[in-house]
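*Asks:* I have a structure here, written as structure tokens, and I will follow up with some questions on it.
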Amino acid sequence: MKEFLSQRGFEFIEKDATRDKDALSELEGLGVSTIPVTVIDGQVVIGFSRSELDRLLST
């Protein structure tokens, strides 16, 4: 995921829900219990979906 975003020149904030209670709370607030999760302009992508990420990043 990090490499995918970096190669396309996108900045991101990495959070580790297994070590950061605030990050875990953020996931719970999104109603998500699976990682990785990417949020782009309020759109939640669960897992690594290259096509979905490309679609959201191209808009």
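*Asks:* Kindly provide the set of residues from region 5-22 that are within 23 Å of Thr59 (Cβ to Cβ) and either out of contact with any helix residue (DSSP H, G or I) (no Cβ under 7 Å at 6 or more places or on another chain) or loosely packed, with under 11 Cβ neighbours inside 10 Å (or both), ordered by number.
*Replies:* Leu5, Ser6, Gln7, Gly9, Glu11, Ile13, Glu14
*Asks:* Another one. Just one of (1) touching a residue at least 24 places away in the same chain (Cβ under 8 Å); (2) exposed (fewer than 10 other Cβ atoms within 10 Å of the Cβ) trips up Thr59, so point out which.
*Replies:* (1)
*Asks:* Are there any pairs with C-beta distances below 7 angstrom linking a residue in region 43-55 that is on the phi < 0 side of the Ramachandran plot to a residue that is in a loop (DSSP other than H, G, I, E, B) and surrounded by 12 or more Cβ atoms within 10 Å (Cβ to Cβ), with the two at least 6 apart or on different chains, and if so which?
*Replies:* Val44/Val32; Ile46/Val32; Phe48/Met1; Phe48/Pro36
*Asks:* Let me ask something else about it. Give the residues of region 37-56 that are among the polar types (S, T, N, Q) and surrounded by 10 or more Cβ atoms within 10 Å (Cβ to Cβ), sorted by residue number.
*Replies:* Across region 37-56, the qualifying residues are Thr38, Gln43, Ser49.
*Asks:* Exactly one condition in (1) over 12 Å from the mean Cα position of the chain (by Cα); (2) of a type in the set (Ser, Thr, Tyr); (3) surrounded by 13 or more Cβ atoms within 10 Å (Cβ to Cβ) is not met by Ser25; state its number.
*Replies:* (3)
*Asks:* Still on this model: Does Thr34 satisfy the criteria of being surrounded by fewer than 11 Cβ atoms within 10 Å (Cβ to Cβ), within 12 Å of the chain's Cα centre (by Cα) and not charged (D, E, K, R)?
*Replies:* yes
Readers should treat all values here as calculations from the given coordinates under stated rules, not as data from a laboratory. All values derive from a computational prediction rather than experimental measurement. Cβ atoms come from the backbone with ideal geometry, glycine included; neighbour counts cover every protein chain shown.
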